[in-house]
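Please treat every number below as a calculation from the coordinates, not as lab data. Everything quoted here is computed from the prediction, not taken from an experiment. Positions of Cβ are backbone-derived with ideal geometry, glycine not excepted, and every protein chain shown enters the neighbour counts.
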Amino acid sequence: MPDISIIHSVPFYEITALLVLAAAVGAVSLLLRQPMIVSFIAVGVLAGPSVFDIVHSTEKVQLLADLGIALLLFLVGLKLDLKLVRSMGLVSLATGLGQVLFTSIAGYIIGLLIGFDAVTALYVAVALTFSSTIIIVKLLSDKKEVDSLHGRIAIGFLIVQDLVVVLAMMIMSAFGVDSQAGIDTNAFMRVGTVVFYGIIMLFFVIVFVRFLATPIVSRIVHSPELLITFAIGWAALLASLGSYLGFSKELGGLLAGVSLASTPFRETILSRLATVRDFLLLFFFIALGMHIDLELLGSQIYPAILFSLFVLIGNPLIVMIIMGILGYRKRTSFLAGLTVAQISEFSLIFIAMGLELGHVSPETLGLVTLVGLITIALSVYMITYSHMLYDFLEPLLQIFEKRRTSVEHTEGKSLSEKGNYDIVLFGLGRYGAAVADYLKNNGYRILGVDFNPDEVRRWKKLGFNVVFGDASDQEFIASLPLEGVQWVVSSVAQHDIMGLTHEDPRIALIDALRQLDYKGKIAVSTQKIDEYDTLKHKGADVVFLPFYDAAERAAERLAEAMQCKLPYMDATPD
């Protein structure tokens with residue numbers, strides 16, 4: 001029988017065991033619709049000394065983890081779009097900063113009340129303020145809600161959070177801990193030194209962006225292999241420089257991304273490196289899990305539950321309060337608020353940095369990791385079934401909405417009251433826009449509806465009557481001028497992750513129109529032919545199949561051309 005101890009003598013065997021275990025646990029996580037972060041941390045726990053004790057080459061795993069962190073921050077900097085924050089204006093800044101401030105203060109007080117020392121309470125409080133941009137963008141993309149108003153607002157204040165977390169890392173990394181006296185008395189001098197080095201490095205990045213970034217990337221972009229090598233090397237170089245100068249490899253990696261964000265090739269770099277990032281981050285989360293002692297977690301269960309409830313309930317509440325004050329409707333505030341009901345990978349990176357600096361204990365890392373597992377796991381379901389959750393809680397949410405008309409609804413009413421319409425068309429994407437343009441050119445009076453503010457503004461400039469709204473919002477549908485409307489048409493894409501449930505915007509629209517006793521006809525579109533009969537049964541009078549309809553029309557035109565024996569159909573070579 002082979003000796004199992006040989007696994008520990010060859011690091012390659014250890015990495016192989018980790019990858020196989022990660023694939024198996026990830027498959028289970030996929031069935032449960034959980035993000036891979038949860039499964040990867042679980043892999044670390046299983047591979048660590050508390051369970052299977054697979055990995056002994058912790059230095060090599062940590063090296064890959066550090067490279068993964070640098071690459072993650074590099075890609076965050078690469079897609080750091082400050083224009084989006086400006087486009088969302090006050091709501092992104094007010095909500096982002098307000099939520100960070102509220103969560104930090106309240107979390108700090110809770111930490112002190114349950115017996116944490118001031119430094120530990122501060123670290124935990126700050127860690128609880130950050131939400132996972134990766135998880136939220138993935139979930140919003142799956143639900144086709146990235147371009148919705150609440151999706152854009154959420155992404156806007158997540159960018160604000162990203163800026164705050166980098167600032168927090170820079171400040172905290174400047175403080176050292178003395179084993180006898182606590183916080184180093186020279187900490188503030190060190191902060192000044194770090195800021196000075198940071199200004200020098202920022203100046204270097206600005207010069208690089210201004211004169212070198214685009215010419216260098218333009219030369220190497222033709223070689224995919226060289227592009228990947230350069231990007232990873234650049235991220236590692238600035239991360240190492242940042243660590244050497246004292247303001248952390250995380251900030252150095254972020255600056256590396258920002259330095260290339262202005263190039264016309266940033267999307268190419270993002271797409272090329274996304275898979276490499278995910279692979280390397282696997283080792284970061286595994287390394288976190290390996291540091292978790294299951295025996296220590298027993299004493300952290302009650303604090304973890306307390307902090308988890310605070311994140312799951314308190315963070316969405318503060319977002320709803322701020323957005324309500326700014327004049328947004330309770331539905332938009334609720335859907336945006338759910339996106340902050342978890343902590344992020346940055347929270348774990350932040351605490352891991354505190355552990356490395358000697359500011360916090362391994363028990364603190366275990367606590368925050370447990371909070372992360374709980375909040376990430378539950379918030380995935382909260383965001384996935386957000387519309388169903390809103391319908392259930394809607395009677396209790398009126399206090400989060402101003403009595404007067406909200407900023408997002410005023411515009412809709414003014415357009416809706418302009419007159420009668422023949423057709424109300426939901427969704428102004430490529431397919432819906434083509435339908436609207438054709439109908440308008442044939443003399444029909446069209447009212448367009450879209451949940452992407454940019455599309456609404458663009459179609460207004462083209463002379464269309466357009467309102468901002470969501471096909472899933474019954475309150476909004478009830479406000480539309482449906483009297484005299486002959487057809488309500490939906491070209492809104494379905495939610496692939498949910499299927500044909502009442503959360504599907506097409507089903508929600510049909511149900512709302514029937515409840516309003518709408519007398520006209522309803523048409524919806526689908527890309528899946530197996531949904532045709534179900535949508536008809538749900539109440540759609542006509543179901544469009546864009547691909548099949550286009551293919552059928554193309555075949556008809558081809559048959560007509562063949563029957564007419566047009567010259568170009570009969571042409572033969574000389």
With a ≥ b ≥ c taken as the square roots of the eigenvalues of the C-alpha gyration tensor of the stretch 408-562, please select rounded if a/c is under 1.5 and otherwise prolate if a/b is larger than b/c or oblate if it is not?
-> oblate
More than 12 angstrom apart: percent of Cα pairs within the stretch 501-543 = 56
For Ser240 and Ile114 in one chain, what is 0.36 nm times their gap in residues minus the Cα-Cα distance, to one decimal in nm?
-> 41.6 nm
Between Gln398 and Thr58, the two model label points (7 Å from Cα along the beta-carbon direction) sit apart by a distance in nm of 5.7
Can you figure out the FRET efficiency of Glu552 with His222, using R₀ = 45 Å and their beta-carbon distance, to the nearest 0.05?
-> 0.60
Over 31 Å (Cα to Cα) among Lys143/Lys536; Lys143/Lys330; Lys330/Lys460; Lys461/Lys538 -> Lys461/Lys538
Within the stretch 209-230: backbone nitrogen closer than 20 Å to the Thr275 label point (7 Å, Cα to C-beta) = 221-230
Give, in nm to one decimal, the length gained when the segment between Arg430 and Leu101 is fully stretched (0.36 nm per residue of separation minus the Cα-Cα distance).
-> 114.3 nm
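Compute the length gained on full extension between Leu19 and Leu309: take 0.36 nm times their separation in residues and subtract their Cα-Cα distance, giving the result in nm to one decimal.
Fully extending the segment from Leu19 to Leu309 adds 101.1 nm.
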Evaluate the distance, in nm, between pseudo-label points positioned 7 Å from the Cα of Asp422 and of Met388 along their respective Cα→Cβ axes.
-> 4.0
Separation between Cα centres of the stretch 365-392 and the stretch 526-544, rounded to whole Å = 33
Cα-projected label distance for Asp454 with Glu560, points at 7 Å along beta-carbon direction, nm | 3.7
Gyration tensor verdict on the stretch 349-397 (Cα atoms; rounded if a/c is under 1.5, prolate if a/b is larger than b/c, oblate otherwise) = prolate
Site Phe204, offset 7 angstrom along Cα→Cβ, radius 18 Å on amide nitrogen, limited to the stretch 250-277, gives 250-261
Applying the Karplus parametrisation 6.51 cos²θ - 1.76 cosθ + 1.60 with θ = phi - 60° to the phi angles of the stretch 549-562, what ³J(HN,Hα) value in whole Hz is obtained for each residue in order, glycine and proline being reported as x?
-> 5, 5, 5, 5, 5, 5, 5, 4, 5, 5, 5, 4, 5, 5
